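Each remark here refers to the structure printed beneath this line.
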Amino acid sequence: MAVQISPSILSADFARLADEAKAVEETADWLHVDVMDNHFVPNLTLGLPVVEALLKHAALPLDCHLMITDPDRHAPAYAEAGAGSVTIHAEAAKAPVRTLRAIRTAGARCGLGINPGTAIESYEDLLDEVDMVLLMTVEPGFGGQHFLDMVLPKVRRTRAMLASRNARRAPEGREIWLQVDGGVSEETIERCAEAGADVFVAGSAVYGARDPARAVRELREQAERATARAAWPGA
Ligand code: DX5
Ligand code: ZN
């Protein structure tokens, strides 16, 4: 899979979201939208009305990351509204199979989010239901935190689990992507790519930069170089 970069608007200026989306539209693949409900995580950001408004103004597809306690109830609406990808958290979903299928039926890619302390092995049976695994590389809730190196072995183990599934799915172009989210920057992106990530969320590393479009381009170049060095299947 090609490297993809998904800048997180959590670090953007919320009063100028359309402009901030435009700033990266030439160089990024997705726009990562962090939905937080102040229950699953100790922070409150935005919800469906803002996503609907962004959909009218953003050229990039929206990569909605739902950090909410009741994704079974709320996630399908984000797909129905037109998000390109909707990720729910394993720790929060009570009926993940049903919810992941509902997201897909509504026309979006579906993702499963996994916190740093959650083992991927408990969710191996769900992998055939997902289009993307999101491995959190910080505790979810805030931008600008330090990358947790302890997650890298899990990135490697997840990539290994995806190998046979992706070999099967490749002819239809339906490979399962592996996203990392949290503390991804020019300091850490190469480690993530070498371990097996192929979709990179970056908030402060993009929107904290003087030139966000250029920051995306540079992160992509770094990730592509590291992927070329890596030994994981499909790299
Ligand atoms: C954190 C969010 C991330 C956040 C990443 O809970 O899920 O998407 O925006 O921000 P940085 O890249 O600054 O760690
Ligand atoms: Zn996120």
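Once the Cα-Cα distance is subtracted from the 0.36 nm per residue extended length, the Asp19 to Ala170 segment shows a gain of 50.8 nm.
The fraction of all Cα pairs in the chain landing in successive 10 Å bins from 0 to the largest distance is 8, 36, 40, 15, 0, given as whole percents.
Taking each residue as 0.36 nm, the span from Val97 to Asp128 lengthens on full extension beyond its C-alpha to C-alpha distance by 10.2 nm. In straight-distance terms, cross-link reach from Lys154 covers every one of the lysines whose alpha-carbon lies under 26 Å from its own, apart from those fewer than eight places away in the same chain; here that gives Lys94.
The residue among Val180, Cys110, Val35 whose Cα reaches farthest toward the positive pole of the charge dipole of the chain, with charges on the beta-carbon of Lys, Arg, Asp and Glu, is Cys110.
The slack in the chain from Ala228 to Met1, taken as 0.36 nm per residue of separation less the alpha-carbon distance, amounts to 80.6 nm.
For segment 132-223, applying the loop criterion from DSSP together with a ceiling of 12 other beta carbons within 10 Å to the chymotrypsin sites (Phe, Trp or Tyr not before Pro) yields no site.
For Lys22, give me every one of the aspartates and glutamates with a C-alpha distance below 13 angstrom, ignoring sequence neighbours fewer than eight places off in its own chain. Answer for Lys22, where 13 Å is the Cα cut-off: Asp13, Asp211, listed by chain and number.
Per residue, the chain exposes an accessible area of 43 Å² to a 1.4 Å probe, with every protein chain left in place.
About the centre of its Cα atoms, segment 160-235 shows a dipole size close to 240 debye [charges on the beta carbon of Lys, Arg (+1) and Asp, Glu (-1) only; nearest 20 debye].
The values are calculated or read from the model by the stated rules, or taken from the named source; none is laboratory data. Owing to the predicted nature of the structure, the values given are computational and were not obtained by experimental measurement. For neighbour counting, all protein chains shown are included, and Cβ atoms are generated from backbone atoms with ideal geometry for every residue, glycine included. Side chains included, ligands, DNA and RNA excluded: accessible areas come from the protein's heavy atoms. Shrake-Rupley method; radii C 1.70, N 1.55, O 1.52, S 1.80 Å.
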